[in-house]
1. From the phi angles alone, apply the Karplus equation (6.51, -1.76, 1.60; θ = phi - 60°) to the stretch 239-248 and give each ³J(HN,Hα) in whole Hz, x where the residue is Gly or Pro.
2. When a footprinting reagent is the concern and you count Cβ atoms within 10 Å, what order do VAL156, VAL165 take, fewest first?
3. Using the count of nearby Cβ atoms within 10 Å as a rough guide to exposure, how do LYS415, LYS161 rank from fewest to most?
4. Are any of the pairs LYS194/LYS273; LYS100/LYS302; LYS85/LYS365; LYS85/LYS161; LYS100/LYS281 more than 26 Å apart by Cα-Cα distance, and if so, which?
5. Any idea what the alpha-carbon Rg over 2.2 N^0.38 Å comes to for the stretch 169-307?
6. How much net charge surrounds LEU93 when only the other residues with a Cβ under 12 Å from the Cβ of LEU93 are counted, with Lys and Arg +1 and Asp and Glu -1?
7. How large is Rg over Rh for the stretch 78-356, taking Rg from the Cα atoms and Rh as the Kirkwood inverse mean of 1/r across Cα pairs?
8. ASN71's amide H: which non-local residues (gap 5+, or another chain) put their own amide H closer than 5 Å, with H modeled 1.01 Å from N in plane and none for Pro or chain starts?
Amino acid sequence: MSLFKTVIPSILSILLFSCEQKQIEDQAAIDQIFSEWDNENTPGGALGIIKDGKLIYSKGYGIADLEHDINITTTSVFYIGSVSKHFVTFAILLLEEQGKLNLDDEVQRFLPDFPRYQKPLTIRHFIHHTSGVRDNLTLMALRGKNYLDHNNENEVYELIKRQSVLNFTPGERYLYSNSCYFMLAMIIEKAAGKPLREFAQENMFDPLGMKNTLFYDDVNDFVKNRVFSYQQTNDGFNNLISRYDLVGSGGVYSSIEDMYLWDQNFDNNNLGKGGPDIIEKMQEEGLLNNGESSGYAFGLAKSTYRGLRTVGHGGSLAGYRAHFIRFPEQRCSIIILSNRSDGSPGSKAYEVADIVLQDQFTEEKQEPQPRENQLDQNIENNEIESIDLQDFTGNFYSKDLDIVYRFSVENGVLKYSIGNGERRELDATGSIQFSAPGRLFRFERESGRIAGFELDAGRVRNLEFSKQ
């Protein structure tokens, strides 16, 4: 036997062993990211990693149903929140392809009873969040409606229509509004002649073989393999039961294996007329009136991470959390679906990317810098106790929400009310920060101005408040 024949197989064996060893090490590092989820008595989530067209790693961590001890798997079905939005825009683009609507159509073509304002409102404004239409979840909360309850579609639509003015002239700036996508679902139904659920099933989900994906528009329907949502407490987890069945701003239930099929359609579109045109259009950012980008495409947000281009979206509702991110040039996607309110799938997705794409980044990882609206962490008790609550009293008007918040001190407790409504207690969670269920206020020490406001968990909005 020649030396050549002896040496080459030995080298190949060493290389193969090295690759397998590296793969095992990467998988262990990935599993470590989800170690908090991976046990028999907590909710968790599911992970899918796609590379070069293959689902190279997928796994479920934790429990789907704590009452029945059902494990999470890659076929478990999660609510994906606002990740649903790019399914909505895909449906819109299919209808445009069919000649049933135009993106520059005024919304009144399909919703003739929707009010007219000083400037026209178009489907395009709705898609790119440049309409100025107020957010329906915000409006519902201000009316005392719990978004986790079943809410009638007509009542929500009437609530949006009752707004006499917009937040700004259409196209003037970007402001995220779930109302717009809620109404896009209504527009799809008018243009297609059938509900969004049916249109998406026939034109998107069924052709791709997504057997466990649907727009959930009837709270009475079953969802096979559904994962239930939970909220972490000091003692463990509580049920966070959702009866929400409005579609458009959210509404999709799906699994890791189905989302893999959806992801692959980005690389090779087989829907509608086929081809890349509709995929390329989905990633075009909207333009403001001044020609600048709105920063938001068709239900997708474009960005960069460590020098690599990304496109994707996050989602949340009740205890469900979801994140879908693609690195198009690297043909890599990461999907994380979770059923715990503290899941933070967005940050975990980037941690996974740090491992999977470790040799392809062009920039060093930057440690996150504290933001002005970030929660105060590790506040010493004596610092909270030294707060002078009178610094934060008064009336504050939000132009964006068109409401007045009134703050007062009663028996040493800071309270707030909306207008002349019921006064509610606020807890000090930082030296300039106060919270109540569903709300968080952050003040500026010197001016007493409200600097940050949070209505929904995880979303701090820097709205403009003026002290009256």
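Please treat every number below as a calculation from the coordinates, not as lab data. This structure is a prediction, so every number in the text was calculated from the model and none was measured. Reconstructed Cβ throughout: ideal geometry from the backbone, glycine too, with neighbour counts over all protein chains shown.
1. Taking θ as phi minus 60°, the curve returns 4, 10, 7, 10, 10, 6, 9, 7, 10, x Hz for the stretch 239-248.
2. On the way: VAL156 21, VAL165 12.
So the residues, fewest neighbours to most, are VAL165, VAL156.
3. Details: LYS415 19, LYS161 15.
By the 10 Å Cβ count, ascending: LYS161, LYS415.
4. Numbers: LYS194/LYS273 20 Å; LYS100/LYS302 28 Å; LYS85/LYS365 29 Å; LYS85/LYS161 21 Å; LYS100/LYS281 17 Å.
Flagged as over cut-off: LYS100/LYS302; LYS85/LYS365.
5. Values: Rg = 17.7 Å, N = 139, 2.2 N^0.38 = 14.3 Å.
Dividing the Cα Rg of the stretch 169-307 by 2.2 N^0.38 Å gives 1.24.
6. On the way: positive: LYS100, ARG124, LYS273, LYS281; negative: GLU96, GLU97, ASP277, GLU280, GLU284.
So the surrounding residues net to -1.
7. That ratio is 0.94, to two decimals.
8. ALA64
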